Amino acid sequence: MGKNSLFGLAGFFGQRSVFPAMNQAGMIQIFLVIMAVLLFIILLPPIVMVLFPIADILIRIILVFLIFSTVRGYLGSSILSVIISGVLIYFLVIKWAYFTAAVYVAVFFLLTLQVFSIVIFGIGMGMRKF
């Protein structure tokens, strides 16, 4: 293993590691700070849901309306959309509420940073009525 190897594989393939070039001007420290902030933002909703019961109820209500409106937007007003919404609400809101709230906040946070702008464009194209 060479001095500039990334997990011991860079020396094997005859390439240099990415980390020495990335560490110029403190890039690793900036990356770690950004990841720590993102991790804090992701872990904030479950912590708030445990500490404040009214926030738990409010976040669960928001998730129920979000799931129902999304399924209804894709499938229309039919009994199938109610059944699928019920199953998703049972699993995502009742069984895995803390995980779902964390994922919802993470996706919403990344959407505000316009990370998923192409994904939203694709979803919007699929929901159009021709």
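Read-outs throughout are calculated quantities, based only on the coordinates presented, and are distinct from any laboratory measurement. What you are looking at is a predicted structure, and each value in this text was computed from that prediction instead of being measured. Cβ coordinates were reconstructed from backbone atoms using ideal geometry, including for glycine residues, and neighbour counts include every protein chain displayed.
Worth pointing out:
- The phi torsions of the range 73-89, fed into the Karplus equation with coefficients 6.51, -1.76 and 1.60 and a -60° offset, translate into couplings of x, 7, 9, x, 8, 9, 5, 5, 5, 5, 5, 5, 4, x, 5, 5, 5 Hz, rounded to whole numbers, with Gly and Pro shown as x.
- Projected label distance in nm at residue 80 and residue 111, using a 7 Å step from Cα toward the beta-carbon: 2.4
- A simple rule links phi to the HN-Hα coupling: the Karplus curve 6.51 cos²θ - 1.76 cosθ + 1.60 with θ = phi - 60°, which for the range 93-104 gives 9, 8, 7, 10, 5, 5, 5, 5, 5, 5, 5, 4 Hz, with x for Gly and Pro.
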